Structures are given as structure tokens and as C-alpha cells.
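The values are calculated or read from the model by the stated rules, or taken from the named source; none is laboratory data. This one's a predicted model, so the numbers in the text were calculated from it and none came from an experiment. Heads up, the Cβs are rebuilt from the backbone with ideal geometry, glycines too, and the neighbour counts pull from every protein chain shown.
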Amino acid sequence: MTTASTWAARALMARREAVVGRHSPMFYDEPLHVTSGQGVWLRGTDGIDYLDAYNNVPHVGHCNPAVVRAIADQAALLNVHTRYLHEPVVEYAEALLATFDPRLDKVLFTNSGSESNELALRIARQHTGNTGIVVTDFSYHGNTTSLAELTTGLRVKERLGSHVRALRTPDLDADERPVEDVLDEALDQVAAALASLKAAGHGVSAFLFDPLFSTEGLLRTPPGYVEAVATMIRAAGGLVIADEVQSGLGRSGSQFWGHELYDIAPDLVTLGKPLGNGHPVGGVVTTTELLEEFGTDNLYFNTFAGNPVSAAAGLAVLREMADRELQRNAWDVGARARELLEKLVEHRPHVKAVRGQGLFFGLELVDDNGQPGTAQAKWVVENMRRRGVLISRIGPHDNVLKIRPPMIFEREHVDLLVERLTASLDDLETTEAHEQAASPASATRNGRKGRVNSPLRTGLFIDGKWRSNSNKFDVLNPADGSLAARVSAGGESDVDDAVQAARRALAGEWAEVPGARRAALLNRLADMVERDADTLARLEALDIGKPVGQPAAFDVPNAIATFRHFAGWADKIQGTTVPTAGYQGRPTHSYTVREPIGVIGAIIPWNTPLMIAAWKLGPALAAGNTVVVKPAEDAPLSILHLAGLIEEAGFPPGVVNVVPGFGDVAGAALVRHPGVDKISFTGSPEVGREIQKAAADTFKRVTLELGGKSPQIVLEDADVEAAVQGIAMGLFFNQGEVCAAGTRILVHRSRYERVVSLLADVAKAQVVGDPFDPDTTMGALISREHLDRVLSYIERGKAEGARLVAGGGRPSTKGYFVEPTIFADVRNDSAIAREEIFGPVGAVMPFDDVDEAVRIANETEYGLAATIWTRDVSLAHTVARRLRVGTVWVNGWAAIDPALPWGGMKASGIGRELGWSGILASTEEKVVTVVL
Ligand SMILES: Cc1ncc(COP(=O)(O)O)c(C=O)c1O
């Protein structure tokens with residue numbers, strides 16, 4: 001989906017809401033904007049053709065040419081009031097009635113299914129003189145009850161009207177008792193309904209049911225049930241109404257009308273828009289006997305629906321059904337679908353049953369506890385849309401996937417549907433699909449409290465497929481220590497599978513993908529990250545504990561920009577031609593080419609996982625490498641979501657694999673694996689050192705970014721107020737869990753006390769707390785262990801004699817929060833000035849001149865970044881030249897950009913990422929010399 005189409009859909013949605021109202025329901029979280037249809041396909045404004053496996057009304061296919069022609073021809077000829085005499089309506093009525101039992105020999109045309117039901121009920125009430133109505137529980141999505149009651153809908157919390165009784169339809173698939181017991185109980189319920197109507201002063205006028213029980217989730221009633229209810233209702237003086245809005249027109253494959261599945265003769269049959277293939281025409285079919293009772297006083301029995309154009313549409317539909325043998329098609333294609341679906345659902349914990357017949361299926365989903373899987377069904381419907389297939393959901397719990405394609409569906413469409421559904425259900429098993437709204441209990445249990453309104457992916461993504469492991473690890477919400485998710489832990493064999501997949505992809509299709517196509521894929525991925533920006537920001541906040549506004553404003557936009565930047569490089573990775581001296585007296589032609597390094601293992605830290613994953617994936621993919629990503633065990637969620645987007649964007653299987661797990665298992669396996677050509681790691685120097693050693697065995701290339709102890713130098717002439725704001729950001733952004741955090745604050749003695757006091761004020765003004773509260777400026781540290789580490793540094797700072805001017809404690813005992821902390825008068829050889837704390841702890845120290853500032857700044861094993869605060873341009877450049885760091889910022893902090901090389905000197909790492917340097921680090925240079 002491109003961004004432009006999303007905008008178009010949103011703009012149309014806004015206009016729709018303005019005129020239709022906010023509450024008018026739509027399918028899908030992001031509305032699908034469709035503009036045309038053909039056969040079984042619907043085209044969206046995103047340019048995607050969606051397979052319509054839901055088909056609300058066009059039974060004979062979208063824009064069926066025969067129907068279109070009939071409507072156009074008739075509209076060009078005549079469209080008049082129904083009470084003139086003209087042929088089309090009569091011709092249509094004759095054709096329609098010919099499909100019914102001869103007893104049902106009259107039809108009243110209406111505009112819709114609802115109107116048909118209402119008219120049928122009115123007829124029944126007048127005929128019987130009774131007011132009571134018995135309906136099946138959830139027919140017409142539960143609206144039959146509302147219609148009978150004349151309430152506005154399901155959610156109106158009125159008691160059922162005293163004249164309406166709803167029957168819970170027995171379902172043999174959901175009841176393990178003997179059939180007779182199920183039937184007896186159901187019929188007792190009917191008797192009780194009739195008795196209670198009577199007690200309330202209502203005789204019964206009608207029993208209204210949908211023969212396929214289609215909106216109830218396609219139930220399997222005990223043989224004889226419908227017949228027995230009809231008999232009882234009739235014995236009590238009522239009529240039988242079959243609502244065929246969904247089940248008619250050969251849908252079941254075996255019968256043309258659904259009620260023919262039973263040994264009953266309904267008194268009235270109600271029909272809806274499928275009659276006209278979506279054109280608004282419905283009908284009530286009934287008997288002469290019944291209709292003759294009504295005199296000419298009932299003028300409005302026949303609305304203006306039966307006009308010639310509607311009649312032409314309906315007639316064309318009936319002819320198409322007959323000419324193309326669509327009922328037979330429903331039988332044949334339906335049988336194939338049923339067979340495949342039954343195979344598909346074997347051994348799937350979330351699928352309880354396949355229901356339905358002909359071309360109308362339901363897949364009943366359950367959650368982990370065997371309860372109705374409402375959230376799971378919603379997830380699959382959304383996921384299928386992303387796969388280009390439209391299905392829906394039904395049933396009182398909305399947990400039955402509704403598959404009801406147009407009657408022209410062919411085998412190839414079934415195969416496509418089943419293939420996509422298989423992939424989607426595979427995905428579901430590796431995705432925690434509890435949605436907050438649907439399951440508040442589980443939401444609280446897993447600590448999300450409605451903050452990430454999207455299913456979490458929890459599996460491993462290998463070779464384009466999702467898998468799960470029995471070995472799982474807990475991902476905790478740092479803000480309260482609760483469980484956010486349980487994620488499969490990749491083991492050595494998973495890493496091996498991922499590497500093998502990456503190697504195969506490297507040698508296969510991916511090798512032939514030209515740069516321009518890699519660019520298109522990266523841009524598409526950027527579009528998807530943009531589309532899911534809110535979800536990704538929330539995942540980062542949930543997983544890491546950072547205030548949600550920070551990833552929304554920084555991490556996610558940076559990831560998008562990074563993918564776009566490297567999309568730009570993908571088709572511009574060039575070599576050179578090199579003049580040379582020749583060979584054995586003959587001239588030579590020499591040139592260089594840049595080739596992908598091969599399989600890159602990308603090991604991601606937990607502080608800004610999405611962004612760093614983009615930093616590693618962007619250049620690697622632009623240059624044609626394949627990648628195995630190992631997210632940090634503390635924060636894998638956003639990368640797992642990203643893996644889903646990579647899949648959706650259409651990267652070939654194996655190009656990107658994601659194996660969450662522990663560093664000493666999955667990380668180590670990746671580093672040791674002979675099939676990996678390069679490791680790109682961001683993390684601590686200790687682990688970086690181990691990686692470099694292990695990589696030596698197999699001569700892997702390495703890029704290591706290992707953190708820092710970056711100085712912020714406030715020179716004598718600096719704008720102190722601006723400097724303090726920047727310094728505070730460098731200390732407290734992301735809770736100080738930033739490799740480039742500016743934690744050593746070197747201040748000219750003339751400005752020293754002022755800076756110390758302002759910094760203390762800013763630290764005290766930080767709002768520490770709930771990452772999802774918009775007022776929060778600093779969230780929680782990643783884990784209990786890390787909190788203890790940061791607190792121990794604070795204790796060491798105190799013990800070392802530094803002056804604590806702000807913070808130093810914990811604001812609350814719940815969650816891993818620490819106060820923003822500032823130490824003044826810190827010695828540069830103390831632990832809090834030397835070691836990377838990775839928390840919101842600043843060490844302020846004075847200097848007397850520029851030379852001393854530079855000396856202190858460089859007196860560290862690290863060399864990642866530094867900031868200089870000054871108004872003196874010349875001094876800025878001079879100091880910048882003297883600092884041994886990968887990046888110098890002047891009058892700002894973390895002004896990073898995907899175009900700028902990123903990396904450190906000394907213990908801060910080896911190599912550079914981003915920009916052209918990122919491409920260089922992702923390619924091998926080859927020389928070709930031709931002796932001419
Ligand atoms: C079983 C059933 N009856 C009646 C209706 C109402 O039809 P309409 O939308 O044409 O009013 C529907 C619509 O979905 C339905 O499914």
C-alpha cells in the first residue's frame with residue numbers, strides 16, 4: 001500500500017464521516033478504498049487487485065457484463081412507476097417464481113432484505129392476528145431481533161420486547177451430547193418461548209429464520225429441528241418465514257433456495273440485494289392463499305422497487321445463474337474448497353472447525369484457552385487483506401471467518417484463497433493476537449493495558465515463514481515489570497536454518513534483483529513503517545519503557561528516512577576505471593566493481609532497536625546482501641513487527657531473517673557460523689571484543705559500534721541556556737540509554753556554577769513516569785538488572801566524593817525508574833566519568849582553558865561523539881579537529897542523519913555505518929584487469 005493511497009482512503013473516510021456519521025461501520029482498521037470491480041476481483045486505490053472471498057451481494061461477480069448490459073439497456077428504454085403496465089416486472093416475477101415450489105406463487109418486490117423481512121412480519125401479523133414473533137438467535141447478524149422489536153440495533157441495551165423471543169439454535173458441532181438430547185432441549189426451548197409469549201399476552205405470528213444459519217456462524221442443526229419448530233409454530237397459529245438474503249440463489253450448492261434443505265414449505269420467503277447482484281431489489285415470495293386475504297386497501301405492499309430497471313437486473317442474474325450453471329459450480333468448487341480447508345485446519349490450535357457448505361464457509365477460531373477467538377478472527381481478516389484477499393467475520397462472537405465468494409469462483413481462486421489463508425494461519429500461530437479491546441483480561445495479564453492496539457509478533461521469521469519454539473522468553477514491560485509478551489527464543493539450529501536460508505537467497509532470486517528493484521522494495525518498506533508508525537512507536541514504548549512521543553518523533557522517522565536514503569543508493573553503487581601501467585608490455589584495462597559481502601549477521605541492541613535495525617538493514621539490502629537479524633532479548637517486539645512489514649513489502653524469502661534470542665546462544669551461533677560473511681554489531685565493548693575474537697576464526701568482516709562516554713564541552717563564550725537544554729537532552733533522552741549520550745559535561749570555570757545549577761533545575765523538572773502519558777519526559781530503564789547497575793554507579797559517584805546536585809534515587813518502587821541525576825565536581829578518573837553507565841546520570845567537571853578541555857575530553861577509552869558549545873566558529877572547528885571521536889556536533893546533540901557516516905574511534909568501535917560509508921561497509925571491492 002502506498003502512502004498516497006492511504007491518504008486518499010483517509011480523505012474519503014473523513015468526508016464519509018462528515019456526511020454518513022462517525023459510527024457507520026467499516027471493514028478494516030485502515031479503510032479499504034475500492035474503485036472498481038471485475039468478476040471475483042476488486043481494485044483498491046492502492047493499485048492492488050483484491051480477491052473477493054467475502055462478496056456481500058454480487059453473486060454473479062462484480063460488474064457482470066450481462067447484468068450491466070441489462071441495466072443499461074433497460075435504463076435507456078424505460079424506468080417508470082410500478083403501477084403502469086409494462087412487461088419487465090412481470091417477466092422477472094415469472095422467472096423468479098419458477099425457481100420456487102409452485103405453492104409459493106406470488107412476489108412483492110422491495111428494495112432490501114430488511115424491508116422484505118419487515119413486510120413479511122407485517123403480513124404474518126395481519127394474517128394471524130397475533131403479535132408474537134419467534135426468531136433464531138443471531139440471524140441477520142442479530143438484527144432480526146432488532147427488526148422484530150423495532151429497536152435500533154444490537155447494542156441498544158433494551159430488554160427484548162415482550163413480543164419477541166429469540167431461540168438459541170442448536171449446533172451439533174458445538175455439542176457433544178447425543179443428537180436426540182440436543183434436539184429435545186432445543187425444542188423445549190421453543191415450547192418455553194411459545195408459553196412465555198402466551199403468558200405475556202401474545203399469540204405467535206411468525207417464526208423467522210435464516211436457513212443456512214449463516215450469520216450465526218453456520219451451525220449444524222440436528223436433523224428434524226427446523227421441521228419440528230415449523231410444526232410447533234404452526235400449531236400455535238403462526239407462519240414460517242425463511243430469510244434467504246444470504247442463503248439463496250444456489251449458494252448451498254445442493255439446493256437453489258436454502259429452505260429446500262429441510263422438509264418444510266415456508267409461508268413467506270424474504271430476499272435481498274443479491275437478487276439484483278447488488279442492485280437494490282429484494283422481495284417477499286408468498287402464496288396466493290395468503291395474499292388474497294388482503295384487499296386493495298394494502299396499497300403499500302408493493303413499493304417502487306419493482307421497477308423495470310431492477311427487474312432487468314434481477315432477470316439477468318437469474319439467467320446468468322442458469323446459463324453458467326452457477327449452482328453446480330458452487331457444488332463442485334465448494335467441495336474442493338471444503339476438502340482443502342479441512343486439511344488446512346488440521347493441527348491448528350486456533351482453528352476449531354470448518355463450517356458451512358457449497359460456496360459458504362466458516363472457520364471457527366478460538367483463543368489460547370479454547371474460548372471464541374474474536375481477536376484472532378479480526379487479526380486474520382486484517383492479515384488476509386494485506387495478502388490481497390477479502391474475507392469477513394460472523395457469529396455472535398465474531399470469531400468465525402466468513403468465506404462467501406461470488407458464485408463464479410473457480411478452482412484457481414480457491415487455491416489462491418487457501419494458499420493465502422495457510423500463510424495467514426501460520427502467521428497467527430507465531431503472533432500473539434490478543435487485541436486489547438477484545439480481551440481486556442489478557443491485555444492486563446500481559447501488561448499492555450490497551451497501549452499497543454495491535455497483535456504482537458512473537459515467533460521467528462526464517463526463509464519467509466514464521467515459526468515458533470517451545471523455548472520462550474519473557475519480555476517485560478519496564479514501566480511496571482509485567483509481562484508484555486512471550487517470544488520464541490532462537491537456538492543454534494534456528495540460526496543455522498536462518499543462515500542457510502540467507503545463503504540460498506543470496507545465490508538465488510535475490511542475486512538477479514536489479515538495484516532499481518531493491519530501491520523499490522526499500523521504499524515500499526519505508527511506506528509501511530510510515531503506515532505503522534504509531535504501532536511501532538507504541539511497541540518501543542512498551543518494550544523499552546521510553547516515552548511514546550520520543551520514538552514517534554525520532555526513532556521511527558529516522559528508520560523511515562534511513563530506508564529511503566538507502567533506497568536512493570541501491571542503483572548507484574558504482575566502481576571505477578583505473579589507469580594502470582600495463583602488463584608485460586601490453587596495455588591493460590582495469591576496473592573495480594562493488595559486490596555484496598554476502599550474508600550479514602546484524603546484532604541489535606535494546607535501546608533503539610527499530611532504528612538500529614534500519615541502520616543495518618538499509619545499507620545491507622541496498623547493496624544486495626542478505627541478512628540474519630538477532631534482536632536483543634530485552635526488546636525484540638518492534639523488530640518482529642518490522643519483519644512482518646518486510647514480508648508484506650515483498651522481499652524474497654530468506655533475504656531478511658529475524659531470530660530473536662539470547663546473545664550467548666543465538667548471537668554466539670551467528671558469530672561462529674561459517675556461512676556468515678560479516679557481523680554488524682551495536683552494543684557493549686565487552687561483547688564487541690568477544691565478537692571480534694570469534695569472528696577472526698572465520699575471517700568475518702566486522703562493524704562494531706560500542707558506545708561511549710561522550711563529552712559535552714561548554715566553552716567560555718557559549719550560549720549557556722541553549723547549551724543546558726541540549727546537554728539535558730543528551731543526558732535524559734531515552735533515559736540516557738543512548739550510545740552517544742553526552743554524559744561528561746566539561747564546563748569553562750567562568751560558567752561552571754551557572755551550568756551546574758541550571759542542569760540541576762532541568763533534571764528536577766523532568767517528568768518521570770508512565771511512558772504512555774503525554775506529559776512524561778523520561779520513562780523507565782530497560783530492566784531490573786540494568787536499574788541495579790545504574791543505581792550502583794550512583795552509589796559509587798557518591799562514594800567517590802562527587803557533589804550530587806539532582807536526583808540520585810528511585811521515584812517509585814514499581815517499574816524500573818530512576819531519577820535524572822547530576823553529579824558536579826566529578827574527577828575524570830572516577831568510575832562515573834570513565835565508565836559507560838547507560839542511564840540518566842551526568843558528570844559535570846570544570847576546566848580552565850581549551851587545552852585542558854580537549855585533554856579531558858580525549859582522556860577516555862571511548863571515542864564515539866562529542867558536542868562543543870560555542871559561538872566562536874573558528875574555535876569550534878579547531879576543537880573539533882582535536883577530538884578523537886567519530887562525530888562532533890557543534891551547538892547541538894544527536895544531529896544524526898542517514899547520509900552521515902556513524903561510528904566510533906578507540907573502544908567505541910570499528911568501521912562506519914550509514915551514508916556512502918554504510919555502502920562501502922556492505923560491499924567487497926573487486927578489481928578486474930584485462931590484458932589487452
Ligand atoms: C440474513 C439477512 N437478512 C436480512 C438482511 C438485510 O438485508 P439488507 O441489507 O438488504 O437490508 C441481511 C443483510 O446482511 C441478512 O444477512
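For residue 720, the conditions (1) of a type in the set (A, V, I, L, M, F, W, C); (2) over 18 Å from residue 807 (Cα atoms); (3) more than 36 Å from the chain's Cα centre (by Cα); (4) buried (at least 23 other Cβ atoms within 10 Å of the Cβ) all hold with the exception of (4).
Scanning for something under 44 Å from the mean Cα position of the chain (by Cα) and closer than 24 Å to residue 737 by Cβ, does the range 848-857 turn up at least one residue? Checked the range 848-857: no residue is under 44 Å from the mean Cα position of the chain (by Cα) and closer than 24 Å to residue 737 by Cβ. In the range 583-604, how many are part of a loop (DSSP other than H, G, I, E, B) and loosely packed, with under 13 Cβ neighbours inside 10 Å? The total comes to 3. Across the range 251-278, the number of residues qualifying as outside any helix (DSSP H, G or I) and either within 11 Å of the ligand (Cβ to nearest atom) or buried (at least 24 other Cβ atoms within 10 Å of the Cβ) (or both) comes to 12. Taking each residue of the range 638-658 that is acidic (Asp, Glu) and looking for partners that are part of a helix (DSSP H, G or I) with beta-carbon atoms closer than 8 Å, six or more apart or interchain, yields 648/386; 648/528. Looking at 780, 802, just one residue is over 23 Å from residue 632 (Cα atoms) and crowded, with 22+ Cβ neighbours inside 10 Å, and that residue is 802.
Please go through the range 405-426 and pick out each residue that is within 20 Å of residue 464 (Cβ to Cβ) and surrounded by fewer than 23 Cβ atoms within 10 Å (Cβ to Cβ). Full working, then the answer.
Keep residues of the range 405-426 that are within 20 Å of residue 464 (Cβ to Cβ), which gives 415-426.
Matches in the range 405-426: 415, 416, 418, 419, 420, 422, 423, 424, 425, 426.
I'd like to check which strands (runs of 3 or more DSSP E) are fully inside the range 836-932 and have at least 3 residues that are acidic (Asp, Glu), touching a His at 6+ places or on another chain (Cβ under 8 Å) and in the same structural domain as residue 730 (by TED's automatic domain parsing). Quick ask: steps written out before the conclusion?
Working: elements: 841-847, 865-869, 887-890, 923-931.
So the answer is none; nothing clears 3.
A residue that is touching a helix residue (DSSP H, G or I) at 6+ places or on another chain (Cβ under 7 Å), at pLDDT 95 or above and not assigned by TED's automatic domain parsing to the domain that holds residue 226 can be found somewhere in the range 78-93. Looking across the range 514-543, the residues that are charged (D, E, K, R), surrounded by fewer than 21 Cβ atoms within 10 Å (Cβ to Cβ) and over 14 Å from residue 565 (Cα atoms) come down to 517, 530, 531, 534.
Table: residues versus (1) closer than 30 Å to residue 76 by Cα; (2) assigned by TED's automatic domain parsing to the domain that holds residue 99.
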| residue | (1), (2) |
| --- | --- |
| 290 | no, yes |
| 306 | yes, yes |
| 309 | yes, yes |
| 341 | no, no |
| 348 | no, no |
| 357 | no, no |
| 362 | no, no |
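Of everything listed in (1) under 24 Å from residue 381 (Cβ atoms); (2) modelled with pLDDT of 85 or more; (3) touching a Leu at 6+ places or on another chain (Cβ under 7 Å), the single unmet condition for residue 484 is (1).
Go through the range 165-219 residue by residue and tally those that are within 14 Å of the ligand (Cβ to nearest atom) and on the phi > 0 side of the Ramachandran plot. Here the count works out to 3. Residues that are touching a residue at least 40 places away in the same chain (Cβ under 8 Å), buried (at least 24 other Cβ atoms within 10 Å of the Cβ) and assigned by TED's automatic domain parsing to the domain that holds residue 253: does the range 179-187 have at least one? Checked against the condition, which is being touching a residue at least 40 places away in the same chain (Cβ under 8 Å), buried (at least 24 other Cβ atoms within 10 Å of the Cβ) and assigned by TED's automatic domain parsing to the domain that holds residue 253, the range 179-187 yields no hits at all. Taking the conditions (1) within 16 Å of the ligand (Cβ to nearest atom); (2) assigned to a helix (DSSP H, G or I); (3) crowded, with 21+ Cβ neighbours inside 10 Å in turn, residue 109 satisfies each one other than (2).
Results for (1) in contact with a strand residue (DSSP E or B) (Cβ under 8 Å, 6 or more places away or on another chain); (2) under 30 Å from residue 565 (Cα atoms), shown as yes or no for each residue.
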{"site": "798", "(1), (2)": "yes, no"}
{"site": "826", "(1), (2)": "yes, no"}
{"site": "835", "(1), (2)": "no, no"}
{"site": "863", "(1), (2)": "no, yes"}
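Which one of these is of a type in the set (Asp, Glu) and either over 25 Å from residue 876 (Cα atoms) or free of Cβ contacts under 8 Å to residues at least 12 places away in the same chain (or both): 737, 716?
Testing whether each residue is of a type in the set (Asp, Glu) and either over 25 Å from residue 876 (Cα atoms) or free of Cβ contacts under 8 Å to residues at least 12 places away in the same chain (or both) leaves just 737.
Residue count for the range 284-299 satisfying the condition of being modelled with pLDDT of 95 or more and either part of a helix (DSSP H, G or I) or buried (at least 24 other Cβ atoms within 10 Å of the Cβ) (or both): 3. Looking at the structure I just gave you, is residue 364 in a helix (DSSP H, G or I) and not β-branched (Val, Ile, Thr)? Taking the combined requirement at face value, the residue does not satisfy it.
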